[in-house]
Amino acid sequence: MKIVELKNVCKQYSEFNLKNISFSIPEGVVVGLVGENGAGKSTIIKSIINAIHPDSGQIFFKGKEINTLSKSERQKIGVVLDDTGLPLELNINTLDKVLKNIYSTWHSDKFNSYVNKFNLPKKQSIKSFSKGMKMQLALAVAFSYDNDVLILDEPTSGLDPVVRDEILSMLYDYIQDGKKSVLISSHITSDLEKLCDYIVYLHKGKIELDEEKDKILEKYAVYGIEEKILKELDKNAIVKILRRSYGLDLLAIKKLMPANFEYRPVKLEDIMLFYSKGENI
Amino acid sequence: MNIFISNTSDKSLYEQIYEQIKNMILDSTLKEGQALPTIRGLAKDLRISVITTARAYADLERDGYIYSVVGKGSFVAEKNKEFIREKNLAEMEECISKASDLAKRCNISEEEFINCVKLIYRG
Amino acid sequence: MIGLLIKDLCNTKKMILWYLATVIICFVVSVLLKNISYLYAMGIVSEISIIMTTFAYEERDSWPKFVAASGLNPKIIVLEKYVIGVGVGIIANLFSIVAFALIKTQENSWAELVILILFQIIVISCCLPAIYKFGVEKSRIFLIAIILIAVCFMIGIAEFVFKKINITSGAIISIISLFVILLSIIVSYFISLKIYNKKEF
């Protein structure tokens, strides 16, 4: 079952276009939205969470068009924003009161147990928190009301490895029952490489790849070759070429390349680099 | 049970999990009927994706090492001695065929090759 | 709605107390000098500042994005700002009414006060759609202009118009004013709502 589905979503800005975005988040999986800064990750997320209105296309949540959702249905979409969106002047106790009146399924006990787990001070205003603490708080908020999918916009950027790992651990807990899904956008590809089942790679407002992560990592490889060999290769094998002063690097489809060529396994980071800097054949 | 994942290994993650669990079953570190960790629990522990783990489990099940009960999880299958022997035999044949290829390439005679095998077998 | 109110009031708690203290001082000064204009001007300034501050904090905190994602009805989100605006206005006006009663002479009538309150409400009705449309930063100049006009209005109109009001015309003016107050708030609310629905965060 598809929890969230985007169909041909377009959004035009003066200097940037989101073109025909279609992908879906199946039940029980983690989908990673990868792309360099400005590729359109946030725009996609904002269109799912109702913060912007796409020019055309449709977005569905459990088969229902997203504009027609009631308040309680919309709250089934959990959201964690990169800048948290929480009122920074408040302290945690007041925040609890505010959110209790906003979310129809708010669990104060759950919220407080997360706050205690992270050792967050309850009487200090949120603006005095470090970036990591703010993100932990935003996750605690998203985990304290009943939702079926969690949408996270750059949750790990700017955080130290320990906090990042804690956040990943919470996300694993969230998907334990196999019914809930996660959409996570990030340019820190190592986090996504661990957690995600599917990868949607976005480049200049267009989806370049939408595949199971393991398949991407298996299908492609990076080859270092000499210029003159390039002509002898199967054109269909070559995805992108990155020319260096001394030789060139290829992002290629492994099974179409000669078997005796040396290669190294591809990483998501490579894919980003090849697409943004590399050239076509 | 202990599983270790290497990011620098040539083998993909699911192959590594498959191999390690298989070996633990073959050398009886994992006993018959013993419950394996849940797919999602193992994924969390190893910090890898759910699909990767699920694929390793699916392959283990396909090859008869484990079985799963809906709603209860996965368990080590009853050891089928014949089956395991066959598996090991196949693996052994593969190793020998590699060795004999190498021998042919270096012009090592059949006799020499067999002597070598005998020597190694007897330890 | 209650959640939003708690958020805005706690967000601006310090500011509200500060303005309350200032309004009380102005109240004393107005009564002593037998001139309500200080208090009145302060009322408008504090009302607009508090509303502006709630918006400024929201913009800084990316709250609009958060609240849009929470699925709250836009009608309620916009209405809450009007409740804050009118609420702060009522408190400020209570001081004005008491001060007015204390310094009331034969020459001035209650109609004066009603007209002043009318003007205050019209200021609020202009402010909110402007903030929704242009954001806090850009609408600041616009709002300073409104406050200046308000003060000039106070000084100018008080001198020329109020002296000509008698009891009967006062009653009629009061009734018309109350009607206009209601109308301007309602019209302003729907304009704000329309602007809000088109907004992106």
Self-check item: First in segment A:119-143 and within 20 Å of residue A:166 (Cα to Cα), second anywhere and basic (Lys, Arg) and open to solvent by 60 Å² or more (accessible area, probe 1.4 Å), Cβ under 8 Å, 6 or more apart
Solution: A:143/A:110
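Pick from C:131, C:77, C:122: which is at pLDDT 85 or above and either surrounded by fewer than 21 Cβ atoms within 10 Å (Cβ to Cβ) or among the basic types (Lys, Arg) (or both)? Break it down stepwise before answering.
Numbers: C:131 fails: either surrounded by fewer than 21 Cβ atoms within 10 Å (Cβ to Cβ) or among the basic types (Lys, Arg) (or both); C:122 fails: at pLDDT 85 or above.
Answer to the check: C:77.
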Quiz prompt | Failed item, numbered, when residue A:44 is tested on (1) buried (at least 23 other Cβ atoms within 10 Å of the Cβ); (2) in a strand (DSSP E or B) | solution = (2)
Self-check item: Of residues in segment C:93-117 being open to solvent by less than 10 Å² (accessible area, probe 1.4 Å) and modelled with pLDDT of 80 or more, the one farthest from residue C:18 (Cα to Cα)
Solution: C:100
Quiz item: Across segment A:1-27, what is the total count of residues that are buried (at least 20 other Cβ atoms within 10 Å of the Cβ) and either closer than 20 Å to residue A:142 by Cα or among the charged types (D, E, K, R) (or both)?
Solution: 4
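Just to be sure I understand, how many residues within segment B:10-26 are polar (S, T, N, Q) and at pLDDT below 90?
Pass one, segment B:10-26, residues polar (S, T, N, Q): B:12, B:16, B:20, B:23.
Narrowing the set further to residues that are at pLDDT below 90 leaves B:12, B:23.
Qualifying residue count, segment B:10-26: 2.
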Self-check item: All positions within segment A:228-281 that are of a type in the set (A, V, I, L, M) and in a strand (DSSP E or B)
Solution: A:238, A:239, A:241, A:242, A:248, A:250, A:251, A:252, A:253
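Which count do you get for residues in segment A:239-268 that are within 16 Å of residue A:279 (Cα to Cα) and open to solvent by 60 Å² or more (accessible area, probe 1.4 Å)?
Of segment A:239-268, the ones within 16 Å of residue A:279 (Cα to Cα) are A:239-245, A:247-253.
Within this subset, residues satisfying the condition of being open to solvent by 60 Å² or more (accessible area, probe 1.4 Å) are A:243-245.
Number of matching residues: 3.
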Quiz item: For the subset of segment A:170-215 comprising residues that are more than 22 Å from residue B:73 (Cβ to Cβ) and part of a loop (DSSP other than H, G, I, E, B), which member is farthest from the other protein chains (Cβ to nearest Cβ)?
Solution: A:204
Quiz item: Residues that are under 30 Å from residue C:6 (Cβ atoms) and touching a Cys at 6+ places or on another chain (Cβ under 9 Å): which helices (runs of 4 or more DSSP H) entirely in segment C:23-125 hold 2 or more of them?
Solution: C:37-61, C:74-103
Quiz item: Looking only at helices (runs of 4 or more DSSP H) that fall completely inside segment A:49-133, which ones have 2 or more residues that are under 19 Å from residue A:149 (Cα atoms)?
Solution: A:71-74, A:108-117
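Having 2 or more residues that are open to solvent by 60 Å² or more (accessible area, probe 1.4 Å) and modelled with pLDDT of 90 or more is the bar; report the helices (runs of 4 or more DSSP H) wholly within segment B:36-123 that clear it.
On the way: elements: B:39-46, B:50-62, B:81-105, B:110-122.
It comes to B:50-62, B:81-105, B:110-122.
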Practice problem: Scan segment A:130-162 for residues that are more than 19 Å from residue A:88 (Cβ to Cβ) and β-branched (Val, Ile, Thr) and jot them down. | Solution: A:149, A:151, A:156, A:162
Self-check item: Selection within segment B:81-109 - touching a helix residue (DSSP H, G or I) at 6+ places or on another chain (Cβ under 9 Å) and closer than 30 Å to residue B:40 by Cβ
Solution: B:84, B:87
Exercise. Filter segment C:58-74 down to residues that are surrounded by 20 or more Cβ atoms within 10 Å (Cβ to Cβ) and in contact with a Phe, Trp or Tyr (Cβ under 8 Å, 6 or more places away or on another chain) and give me whichever is farthest from residue A:73 (Cα to Cα).
Key: C:63
Quiz item: Out of all the residues in segment B:1-19, which are charged (D, E, K, R) and assigned to a loop (DSSP other than H, G, I, E, B)?
Solution: B:10, B:11
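Can you name every residue in segment C:1-48 that is among the small types (Gly, Ala, Ser) and free of Cβ contacts under 8 Å to residues at least 40 places away in the same chain?
Taking segment C:1-48 and keeping what is among the small types (Gly, Ala, Ser), we get C:3, C:21, C:30, C:37, C:41, C:43, C:46.
Scanning segment C:1-48 gives C:3, C:21.
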Quiz item: Mind checking which residues of segment A:57-91 are away from chain C (no Cβ under 11 Å), of a type in the set (Gly, Ala, Ser) and open to solvent by 50 Å² or more (accessible area, probe 1.4 Å)?
Solution: A:63
Practice problem: Could you check residue C:82 against (1) in contact with a Phe, Trp or Tyr (Cβ under 9 Å, 6 or more places away or on another chain); (2) within 11 Å of chain A (Cβ to nearest Cβ) and say which number it fails? | Solution: (2)
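Let's see how each residue does on (1) more than 18 Å from residue C:152 (Cα to Cα); (2) open to solvent by 40 Å² or more (accessible area, probe 1.4 Å):
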position: C:25; (1), (2): yes, yes
position: C:40; (1), (2): no, no
position: C:43; (1), (2): no, no
position: C:50; (1), (2): yes, no
Exercise. Can you run down the residue pairs with Cβ atoms below 7 Å, 6 or more apart or on separate chains, where the first is in segment C:70-85 and free of Cβ contacts under 8 Å to residues at least 12 places away in the same chain and the partner is not in a helix (DSSP H, G or I)?
Key: C:70/A:75; C:70/A:102; C:70/A:103; C:71/A:69; C:71/A:75
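The values are calculated or read from the model by the stated rules, or taken from the named source; none is laboratory data. Since we're looking at a predicted model, the values are computed, not measured. Virtual Cβ from ideal backbone geometry, glycine too; neighbours counted across all protein chains shown. For accessibility, only protein heavy atoms count, side chains too; no ligands or nucleic acids. Shrake-Rupley method; radii C 1.70, N 1.55, O 1.52, S 1.80 Å.
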